[in-house]
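The block underneath contains the structure these notes are about, expressed in structure tokens.
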Amino acid sequence: MMKKAVALLGIGVAAAGATVRLNPDTPFAPSLLAQAPAPYDLVIRNGRIIDGTGSPWYRADVAVRGDTIALIAPAISEPAARVIDANGQIVSPGFIDIHNHARENFFRLPSADNYIRQGVTTLIEGPDGGSPVPLGPFLAKLDATQKSINIGSFIGQGSVREAVLGRANRRPTPAELDKMRGIVEDGMKAGAFGMSTGLFYVPGAFTPIEEVIELAKVAGKYGGIHISHMRDEAFGVLDSVRETIRIGEEGGLPTQVTHHKIVGPRNYGKSVETLKLLEAARERGVDATSDQYPYTASSNAFTASMIPQWGQEGGREQMLARLKNPATRKEIGAETVRIIREERGGGDPKNVFLAHCDFDAAMAGKNLADVAKMRGLEPTIENGAEAAMWVVEQGNCQGVYHAMSEQDLERVMRHPATMIASDGWVQILGEGVPHPRSYGTFPRVLGVYVRERNVITLEDAIRKMTSFPAQRMRISDRGILRPGLKADITVFDPARVRDMATFEKPHQYAEGFSSVIVNGQVVFDGKAMTTARPGKLLRRN
Ligand SMILES: [Zn+2]
């Protein structure tokens with residue numbers, strides 16, 4: 001009985017949003033006062049609110065009850081179980097990262113420290129055409145895992161194709177196409193946010209566009225989007241953007257160029273044209289957008305980037321057989337030379353780094369010039385290619401490639417239809433020499449591109465990290481600071497926020513974040529991760 005009265009009192013206070021004034025003459029008042037819970041679980045005082053919509057900051061306090069924002073008002077004086085003094089810092093929605101490879105380490109480290117500590121409160125997995133297939137059991141496992149961060153997933157077209165056709169370079173039979181449709185449909189029913197493609201990767205690379213469109217239609221029917229690591233981000237980048245637009249247009253769903261970049265010195269400047277293509281598509285009503293990470297180096301599977309796709313056909317054993325055969329090795333080598341000279345190598349084997357290798361931890365941090373020298377060779381481009389093939393023969397590595405320009409990066413970032421996404425991993429502190437984007441994507445935008453270079457405004461940067469990705473994923477209860485929405489909140493000092501991770505020393509957490517809150521609970525207090533695990537599995541609405 002008493003419990004009920006207290007609960008009712010709490011609701012009354014919430015509705016009024018007013019100071020608690022109990023009549024002291026009421027007989028039960030004293031005991032109620034003694035036991036009454038604070039009206040709010042958390043109040044963040046003295047913040048500058050950037051609400052995520054792109055509107056200018058304003059001064060207000062934010063009150064949270066349970067997992068929900070209860071009130072935002074100029075001065076909230078009611079008691080709260082916990083009070084955070086933001087002391088003039090920025091209070092923004094938690095960042096939503098729609099392109100990452102979190103699943104690789106997520107179950108080892110479900111607190112996802114490197115993401116939380118850069119203000120990220122939601123991860124959407126399954127990019128680049130790669131996801132667990134079928135998706136349902138993976139989502140169930142995520143759901144059952146105690147985690148600090150919210151997480152959801154796309155269904156990956158490449159994985160769907162691999163499940164049905166393996167790594168074969170051929171068209172599906174009608175029955176096989178139907179089977180693929182069914183797997184995409186099951187993934188969408190399980191809660192995928194859409195379908196990702198990785199048309200650069202084997203086996204996605206073997207997919208004719210008509211087949212992609214057929215599967216995109218299924219994702220679109222369930223309200224999902226299409227997001228693409230394009231077939232070619234170098235010489236063919238314009239055709240690839242056209243293809244991405246066509247998948248949206250003919251598949252009948254929103255479409256997105258993911259981690260939009262221009263690879264290879266001879267292609268620098270092409271972002272002028274790629275952005276024009278996206279704008280022209282938008283003008284005729286195609287819902288086409290892009291996302292980006294703020295670095296001029298990329299990172300992905302070393303084999304995928306350094307060996308031509310035909311060399312990878314059929315899987316690893318067949319690839320190794322081609323590398324053993326002197327004639328095919330020569331052909332592969334010639335293409336790897338071209339990749340180093342004109343594409344991901346940026347013209348020098350020194351630009352291609354190994355992030356980590358499964359066959360030898362000591363390879364991490366070495367570039368292809370180092371590997372050539374290790375093998376007693378001069379660090380020429382040709383010997384760099386030889387070193388690359390040797391590495392591929394030893395096992396699997398992750399590579400880092402310095403082959404993009406700042407001008408393209410800034411041009412893409414300025415575009416209003418570009419959002420920020422990390423393309424990173426959950427990192428175990430100290431393991432390998434990974435791309436720093438896993439630790440620094442969001443603070444790097446805020447520190448370097450907002451504060452130092454004025455490429456975009458702080459409010460626009462926050463929009464690109466919050467309401468824009470939320471809108472894209474149709475996550476309607478996050479991404480904006482507004483009463484009634486989920487309390488995913490990031491507090492940071494705009495004068496101090498910055499990425500600390502570098503290519504040489506990537507395992508360094510971002511600075512300048514003083515509180516990160518997920519579903520109303522503090523998961524990072526400015527010094528350390530807390531023990532709270534309030535993260536939720538998110539499914540498409
Ligand atoms: Zn990718």
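Within the stretch 479-490, is there a residue that is in contact with a Leu (Cβ under 6 Å, 6 or more places away or on another chain) and either farther than 19 Å from V450 by Cβ or buried (at least 23 other Cβ atoms within 10 Å of the Cβ) (or both)?
Looking for residues that are in contact with a Leu (Cβ under 6 Å, 6 or more places away or on another chain) and either farther than 19 Å from V450 by Cβ or buried (at least 23 other Cβ atoms within 10 Å of the Cβ) (or both), one finds at least one in the stretch 479-490, hence yes.
What helices (runs of 4 or more DSSP H) lie completely within the stretch 216-334 and have 2 or more residues being more than 16 Å from the ligand (Cβ to nearest atom), closer than 23 Å to I420 by Cβ and over 24 Å from the mean Cα position of the chain (by Cα)?
271-283
Take the residues of the stretch 130-139 that are in contact (Cβ under 8 Å) with a residue 40 or more places away in the chain and away from the ligand (no atom under 16 Å from the Cβ): which is surrounded by the fewest Cβ atoms within 10 Å (Cβ to Cβ)?
G136
In the stretch 198-215, how many are β-branched (V, I, T), in contact with an Asp or Glu (Cβ under 8 Å, 6 or more places away or on another chain) and within 16 Å of the ligand (Cβ to nearest atom)?
1
If you scan the stretch 333-372, which residues turn out to be touching a Pro at 6+ places or on another chain (Cβ under 9 Å) and of a type in the set (D, E)?
E335, E342, D348, D370
Can you confirm whether S240 is in contact with a Lys or Arg (Cβ under 9 Å, 6 or more places away or on another chain), modelled with pLDDT of 95 or more, closer than 26 Å to Q312 by Cβ and among the polar types (S, T, N, Q)?
Yes; evaluated as a whole, the condition is true for this residue.
When the residues of the stretch 429-450 are filtered to those that are outside any helix (DSSP H, G or I) and within 15 Å of the ligand (Cβ to nearest atom), which remaining residue is surrounded by the most Cβ atoms within 10 Å (Cβ to Cβ)?
It comes out as H435.
Out of all the residues in the stretch 394-406, is one or more within 26 Å of N150 (Cα to Cα), touching a residue at least 40 places away in the same chain (Cβ under 8 Å) and in a helix (DSSP H, G or I)?
No, the stretch 394-406 contains no residue that is within 26 Å of N150 (Cα to Cα), touching a residue at least 40 places away in the same chain (Cβ under 8 Å) and in a helix (DSSP H, G or I).
Quick check on my filter: what residues within the stretch 398-428 are crowded, with 23+ Cβ neighbours inside 10 Å, under 23 Å from G126 (Cβ atoms) and more than 16 Å from the ligand (Cβ to nearest atom)?
Correct list: V426, Q427.
Taking L142, is it in a helix (DSSP H, G or I) and either within 16 Å of the ligand (Cβ to nearest atom) or under 24 Å from G314 (Cα atoms) (or both)?
Details: in a helix (DSSP H, G or I): yes; either within 16 Å of the ligand (Cβ to nearest atom) or under 24 Å from G314 (Cα atoms) (or both): no.
No.
Within the stretch 101-129, can you find the residues that are surrounded by fewer than 24 Cβ atoms within 10 Å (Cβ to Cβ) and either within 16 Å of the ligand (Cβ to nearest atom) or at pLDDT below 95 (or both)?
H101, R103, E104
Any residue at all in the stretch 218-227 that's surrounded by fewer than 21 Cβ atoms within 10 Å (Cβ to Cβ), under 26 Å from A501 (Cα atoms) and hydroxyl-bearing (S, T, Y)? Give the steps one after another, and end with the answer.
Just the residues of the stretch 218-227 that are surrounded by fewer than 21 Cβ atoms within 10 Å (Cβ to Cβ), to begin with: 221-223.
In the following step, the residues that additionally are under 26 Å from A501 (Cα atoms) were identified as none.
Checked the stretch 218-227: no residue is surrounded by fewer than 21 Cβ atoms within 10 Å (Cβ to Cβ), under 26 Å from A501 (Cα atoms) and hydroxyl-bearing (S, T, Y).
I247 is checked against (1) out of contact with any helix residue (DSSP H, G or I) (no Cβ under 6 Å at 6 or more places or on another chain); (2) under 27 Å from G264 (Cα atoms); (3) β-branched (V, I, T) and fails just one. What number does that condition carry?
(1)
Please name all residue pairs, on different chains or six or more residues apart, with Cβ atoms under 6 Å, provided the first residue is in the stretch 109-127 and is assigned to a strand (DSSP E or B) and the second residue is within 16 Å of the ligand (Cβ to nearest atom) and among the charged types (D, E, K, R).
As it stands, the answer is V120/D97; L123/D97; E125/R103, since those pairs meet every condition given.
Would you mind stating whether S159 is surrounded by 23 or more Cβ atoms within 10 Å (Cβ to Cβ), under 26 Å from Q318 (Cβ atoms) and either free of Cβ contacts under 8 Å to residues at least 40 places away in the same chain or more than 16 Å from the ligand (Cβ to nearest atom) (or both)?
Taking the combined requirement at face value, the residue satisfies it.
Filter the stretch 81-100 down to the residues that are assigned to a loop (DSSP other than H, G, I, E, B) and more than 16 Å from the ligand (Cβ to nearest atom), then identify the one that is surrounded by the most Cβ atoms within 10 Å (Cβ to Cβ).
Applying the filter and picking the extreme gives G94.
The values are calculated or read from the model by the stated rules, or taken from the named source; none is laboratory data. Owing to the predicted nature of the structure, the values given are computational and were not obtained by experimental measurement. For neighbour counting, all protein chains shown are included, and Cβ atoms are generated from backbone atoms with ideal geometry for every residue, glycine included.
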